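Reviewing the structure listed below.
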Amino acid sequence: MNSLIYLDHAATSWPKPPEVMTAMQQAMNEAAANPGRGSHSMAVKASRVLFETRVVLAKLFHVKNANDIIFTSNTTIALNMAIKGVLQPGDHVIATMIEHNSVRRPLEYLKRTHGITVDYVKVNANGEMDVAEMKLALNRPTRLVVCSHSSNLLGSIIPVAEIGRLAHERGALFLVDAAQSAGIIDIDVNKMNIDMLAFPGHKGLLGPQGTGGLYIAPHVDLEPLIHGGTGSQSEEKEQPTVRPDRYEAGTPNTPGIAGLHAGVDKVRKLTPAAIYAQEWALTQQAIDGLRDIPNLRLLGPKIGMPRSGIVSFVMNDVDSAEVAFRLDREYGIAVRAGMHCTPLAHYAVLTDKSGAVRASVGVDTTEHEVEALVKAMNALYRT
Ligand SMILES: Cc1ncc(COP(=O)(O)O)c(C=O)c1O
């Protein structure tokens, strides 16, 4: 078995469940024709792989029509599709300080090229957001509110249902980046007032890399980001209007989507609520074991507070890259160090100079593995 202790699930989950690998291999052997591009039986089988995966994702996120779920190769593409598909020159957007560069960079690009304006709502020193701050920001016509459901640096959880309600009250669309929450926190797009949900297939949904998606509510008409062949209405020079074809030009990742189906099945069987409870308990164990180490500062919500499966910390006078390197080389523990693609969150918690070490747990992480991290950190830095 693996001796590596993998605590980098926030980047991508690993190892993937055996069912995921079996489903991918089966799809490669039996269904890897081009879906939607032919009526022979293997092409039909491939189309079925896509359709059935859309259906289980729709059930997971409480989406009524599975065709409102678009496959992408990761969260970043889904976010770019949503942001660039909806915004017009001069629009105003509200985001938060915990956004990943997958949100911030498309917004900053549109700021430069299309004259949009962007406000980043403050979070507190633990990365938590006071809804009152969002209310204050929503004081002028706003086209889009976008926020990360959970910070990939701090694990803090944003009250999306309430923010979605506020956004709608002011006539804004609401886009949620579920990179750190899909499969880990229950998501109901209706109850949470979500118009667009960008999610990875390869993190909490346990699918392979190269999978992800975007839910687009029926009333949202996005301009497609990518134009090309869909296997449908081929005589038309414009992109078809029908979903999902409108947003899925080009050959999809059929084997990956088959694997994603198996991952989602596992998540639905365990339930996101149970996964959250288990991951939360592991984060509390880590916090408890790390908090007394001299010169170590834990980031994110206080012990006992809600958080996703992320525990980040900084050491005074020791570079975070060095900590991660020593954990890997001396103890076989994989964590991530650096800026985690979220510079504004670092400003919020004053780690923009140092970066941080991030340990993140997954569905199969054990107490024993968290204990190994705690012991290694104590052995390295409790002098
Ligand atoms: C909050 C957040 N948003 C977006 C992304 C980008 O996800 P992907 O790698 O699936 O494009 C990540 C990746 O870690 C993330 O944590």
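The values are calculated or read from the model by the stated rules, or taken from the named source; none is laboratory data. Bear in mind the structure is a predicted one, so any value in this text is a computation, not a measurement. As a convention, Cβ positions derive from the backbone with ideal geometry for all residues, glycine included, and neighbour counts pool all protein chains shown. Remember, those area values only see protein heavy atoms, side chains included, never the ligands or the DNA or RNA. Shrake-Rupley method; radii C 1.70, N 1.55, O 1.52, S 1.80 Å.
Observations
- Estimated FRET transfer efficiency (E108, K237; beta-carbon r; R0 35 Å; 0.05): 0.60
- Sequence of T271, T12, T383 from largest to smallest accessible area, 1.4 Å probe: T383, T271, T12
- Size of charge dipole - the chain - debye, nearest 20, with Cβ of Lys, Arg +1 and Asp, Glu -1, no other charges: 220 debye
- Cα shape, segment 73-213, gyration tensor, a/c 1.5 rule: oblate
- Each residue of the chain gets 131 Å³ once the volume of the Cα convex hull is shared out per residue.
- Proximal lysines to K302, defined as alpha-carbon separation beneath 19 angstrom and excluding residues fewer than eight positions away on the same chain: K122
- Of K16/K191; K16/K59; K266/K375; K45/K191; K64/K269; K84/K269, pairs whose Cα-Cα distance is over 24 Å: K16/K191; K266/K375; K45/K191; K84/K269
- Between 0 and 90°, nearest 10: helix 254-270 axis offset from the chain longest Cα axis: 60 degrees
- Rounded to the nearest 10 square angstrom, D288 shows an accessible area of 80 square angstrom against a 1.4 Å probe.
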